[in-house]
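K.L.:
Following this message is one structure expressed as structure tokens.
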Amino acid sequence: MQHWTPQRLRHAGGLARSLFIYWRPGRQRGLIQLYQPFIVSGKPAFDIGAHLGDRSAAFHALGAQVVALEPQPVLAKWFKRMVTAADITLLPLAAGPQAGVAEIAISTGNPTLSTLASEWREQIGQRNAGFREVRWEQRLSVPVTTLDQLISDYGEPSFIKIDVEGFEAEVLAGLSCPVPALSVEFVAGALEVSHECIRQLSRLGDYRYNAVAGEQRKFRWREWQPAQAMTQWLNEGADGLPSGDLYACRSDHPLVSTTR
């Protein structure tokens, strides 16, 4: 008989919470609608920090050649249970500024908040009340690749989703070409990460930006914003949003040109 220790109970509760949030009925339909303008059928799409695979499933439904990275073994197993398409590439890797090995801190009660960003982890609980009770009890050494290496191996993606709990800028540091479109998570109390992401992208090319609040699937602005406007929005507190995703499209992207 399996012995349910407090740690095992926290882990089971965290997984159940994630399954409810990311795989609740109707969510896939909304994700497919959100990502349809970004995904080009037959081209790669990268899911960096794939978690339980809900975004990968949406990319695949739109015809993308999906390459998903999930370094947590338990989450990778659940990914395979939830996303059964045989032609999705799931890699047990993290992404970063250079290839190698890094330590991921795992929250058993909130596995979606596991992170490679040590400074972010140490400070976020003081800056954001939503993280005050989060604990990172486990450490795991994981192999790290770069976006450049993934592009070399699989081709240029039409879209990259990056959701890695404060490590987004480091992931972008491993990218040297201006891909068509991508998203990075932002979190209140750590908006300096978002500023650095914009700086990284500005070094690569001319991008326009938009934002989605939390787990919603609606863009905040009809017109895509230049880097300066997005930086000002972040400086003003990002409308007080606790979290969300910044979306960046290269200035020649059809989604940008059709909204001008």
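K.L.:
Explain nothing, just the number: relative contact order of segment 68-154, from Cα pairs under 8 Å at least 6 residues apart, as a whole percent.
P.N.:
So the answer I get is 35 percent.
K.L.:
When Lys and Arg each count +1 and Asp and Glu each count -1, what net charge do the other residues less than 14 Å away from ILE88, Cβ to Cβ, add up to? Mind dumping the intermediate values first?
P.N.:
On the way: positive: ARG55, LYS80, ARG81, LYS161; negative: ASP47, ASP54, GLU70, ASP87.
For residues surrounding ILE88, the net value is 0.
K.L.:
Additional query: I need the phi-derived Karplus couplings for segment 153-163: 6.51 cos²θ - 1.76 cosθ + 1.60, θ = phi - 60°, integer Hz, Gly and Pro marked x.
P.N.:
7, 10, x, 5, x, 6, 7, 10, 9, 10, 9
K.L.:
Quick one: grab the alpha carbon gyration tensor of segment 123-179, order the square roots of its eigenvalues as a ≥ b ≥ c, and give me rounded if a/c is under 1.5, else prolate or oblate depending on whether a/b is larger than b/c. Walk me through the numbers on the way to the answer.
P.N.:
On the way: a/c = 3.30, a/b = 2.04, b/c = 1.62.
Prolate.
K.L.:
Residue by residue, what Karplus-based ³J(HN,Hα) values in Hz, rounded to whole numbers, does segment 216-225 have, using 6.51, -1.76 and 1.60 with θ = phi - 60° and x for Gly and Pro?
P.N.:
Computed from phi, the couplings for segment 216-225 are 6, 9, 10, 6, 6, 10, 5, 9, 6, 9 Hz.
K.L.:
Would you mind counting up the charge near GLN98? Only other residues with Cβ under 13 Å from its Cβ, with Lys and Arg at +1 and Asp and Glu at -1. Write down the numbers at each step before the final one.
P.N.:
On the way: positive: none; negative: ASP148, GLU170.
Net charge around GLN98: -2.
K.L.:
Still on this structure, I have one more. Segment 142-199 to segment 75-141: how many Å between their Cα centroids?
P.N.:
15
K.L.:
List the relative contact order of the chain as a percent without decimals, with contacts defined as Cα pairs under 8 Å and 6+ residues apart.
P.N.:
Working: 499 pairs, mean separation 42.8, N = 260.
Relative contact order for the chain comes out at 16 percent.
K.L.:
Would you calculate the separation in nanometres between label points at ASN235 and GLN123, each defined as 7 Å from the Cα along the Cα-to-beta-carbon direction?
P.N.:
Reported label-point gap for ASN235 and GLN123 is 1.9 nm.
K.L.:
Share of antiparallel DSSP beta bridges in the chain, in percent to the nearest 5? It would help to have the intermediate numbers written out before the result.
P.N.:
Values: 25 of 42 bridges.
Once the DSSP bridges in the chain are tallied, antiparallel ones form about 60 percent.
Throughout, read-outs are computed from the coordinates displayed, never taken from laboratory work. Remember, predicted model here, so these are calculated numbers, not experimental data. FYI the Cβ positions are ideal-geometry reconstructions off the backbone, even for glycines, and counts take in every protein chain you see.
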